[in-house]
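Enquirer: Dumping the structure here so I can ask a few things about it.
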Amino acid sequence: MGVKQLTLRFWFKEVTRRGVSPLADIVPPEIEEYASAHSVAESDVCRLIREETYRTQDSPQMVVGPLEAAFLKVMALTVRAKRVLEIGTFTGYSALAMAEALPDDGSVLTCEIDPESAAFARRYWDKSPHGKKITVRVGPALETLRMLTGPFDVIFIDADKAHYVNYYRRAKDLVAPTGVILIDNVLWSGRVLNAHAPDPSTQAIQELNRIVAADTSVTAALLPLRDGVFVIKPKAR
Ligand SMILES: C[S@@+](CC[C@H](N)C(=O)[O-])C[C@H]1O[C@@H](n2cnc3c(N)ncnc32)[C@H](O)[C@@H]1O
């Protein structure tokens with residue numbers, strides 16, 4: 001076993017021993033807090049969503065959290081987004097954060113397979129003046145995507161790692177030439193470093209990362225923000 005793999009194995013043991021999610025540990029928590037404190041703050045309704053998600057849901061760390069939400073907002077503002085597509089609603093946190101960055105006639109279309117998550121999200125969106133910009137489509141995202149027409153200015157992929165490559169390919173058809181594709185969890189708590197990863201999700205993310213890196217039709221940066229975010233701009237055709 002090489003030095004890198006030994007280091008990785010030690011790191012997983014260490015985070016497991018401390019009983020914390022590896023997700024929280026790619027970036028040291030105090031750095032993440034400092035960065036959040038110096039970024040645009042989450043709205044009151046986003047905070048309420050995050051708090052109830054942590055009180056009531058089994059995997060609350062799935063919400064992107066304040067720092068990545070700030071990043072999503074800045075991206076939406078940078079490309080002057082009017083139409084946003086999200087894959088993976090969960091409790092509605094990131095959809096609302098992006099909606100808050102859109103003009104009054106902007107829209108977020110978000111895909112979620114679980115009707116209970118969609119209902120949770122709607123309950124909170126109704127408390128925000130930006131909630132009216134959001135529509136959720138309940139069902140398998142691949143089916144929903146097949147029926148959509150672009151262009152979308154921001155496409156945020158954050159669900160169902162096994163199909164990441166399929167989502168990426170469809171996102172390229174749907175994204176505006178001036179838009180951006182953002183893909184979450186592309187470092188997968190560091191598991192992408194394991195060349196012999198046994199689980200299908202890690203393998204799917206590794207495959208996506210290879211495909212994006214080799215794709216000459218886009219300009220991309222893989223950022224170590226939270227659990228890793230790919231920022232992907234189509235090149236002018
Ligand atoms: C990581 S969570 C999304 C978190 C959300 N973007 C946020 O930050 O607030 C992923 C969500 O995708 C949903 N999901 C999983 N597979 C799906 C599929 N095939 N189609 C649509 N949604 C799916 C899950 O039910 C889960 O709620």
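Enquirer: Can you work out the FRET efficiency for the pair Val27 and Val79, with r the C-beta to C-beta distance and R0 = 25 Å, to the nearest 0.05? Display every interim value, and only then the final one.
Expert: Values: r = 25 Å, r/R0 = 0.99.
It comes out at approximately 0.50.
Enquirer: Tell me which aspartates and glutamates have Cα within less than 19 Å of Lys235's Cα, excluding those fewer than 8 residues away on the same chain?
Expert: Partners found: Asp153, Asp173, Asp215.
Enquirer: Now for a separate question. Leaving out same-chain residues fewer than 8 places away, which aspartates and glutamates sit with a Cα under 17 Å from that of Lys161?
Expert: Correct list for Lys161: Glu86, Glu112, Asp114, Glu143, Asp184, Asp199, Glu207, Asp227.
Enquirer: Sticking with this structure for a sec: So which residue, out of Ile155, Ile31, Ile205, gets the largest mean-square fluctuation from a GNM of the chain using Cα contacts under 10 Å as springs?
Expert: Ile31
Enquirer: Using DSSP, restrict attention to beta bridges with both residues in the chain and report what percent are antiparallel, rounded to the nearest 5. Present the calculation step by step, with values, prior to reporting the outcome.
Expert: On the way: 10 of 29 bridges.
Counting DSSP beta bridges with both partners in the chain, the antiparallel share is about 35 percent.
Enquirer: If you don't mind, there's one more thing I want to ask. Can you compute the FRET efficiency between Asp104 and Glu52 using 1/(1 + (r/R0)^6), with r the Cβ-Cβ distance and R0 = 35 Å? Round to the nearest 0.05.
Expert: Values: r = 27 Å, r/R0 = 0.77.
Efficiency at R0 = 35 Å is approximately 0.85.
Enquirer: A further question follows. Calculate, axis by axis, the spread of Cα positions in the chain along the three principal axes, and write the results as whole Å, longest axis first.
Expert: The principal-axis extents, from largest down, are 55, 44, 34 Å.
Enquirer: Also, quick follow-up: Mind putting together the pair-distance distribution for segment 90-189? All Cα pairs, 10 Å bins, whole percent per bin, short to long.
Expert: 15, 47, 34, 3
Enquirer: Next up: Give me the one-decimal nm value for the distance between modelled label points at Leu223 and Leu148, 7 Å along each residue's Cα-to-Cβ direction.
Expert: About 2.0 nm, to one decimal.
Enquirer: Another question, then. Report the extension gain between Ile211 and Ala35 in nm, rounded to one decimal, defined as 0.36 nm multiplied by the number of residues separating them, less their alpha carbon distance. Could you put the intermediate results ahead of the total?
Expert: Details: separation 176, 0.36 × 176 = 63.36 nm, distance 3.01 nm.
Roughly 60.3 nm would be gained on extension.
Enquirer: When the helices in the chain are scored as -39500 (n - 2.57) per DSSP H run of 4 or longer and the sum is shared across all residues, what 222 nm value do you end up with, to the nearest 500 deg cm²/dmol? Show your work: numbers first, answer last.
Expert: On the way: 9 runs with 102 residues, N = 237.
Rounded to the nearest 500, the figure is -13000 deg cm²/dmol.
Any read-out appearing in this document is the output of simple, stated calculations on the displayed coordinates, not a laboratory observation. Computed from a predicted model, the values in this text were never measured in an experiment. Methodologically, a virtual Cβ is constructed for each residue, glycine included, from the backbone with ideal geometry; neighbour enumeration extends over all protein chains shown.
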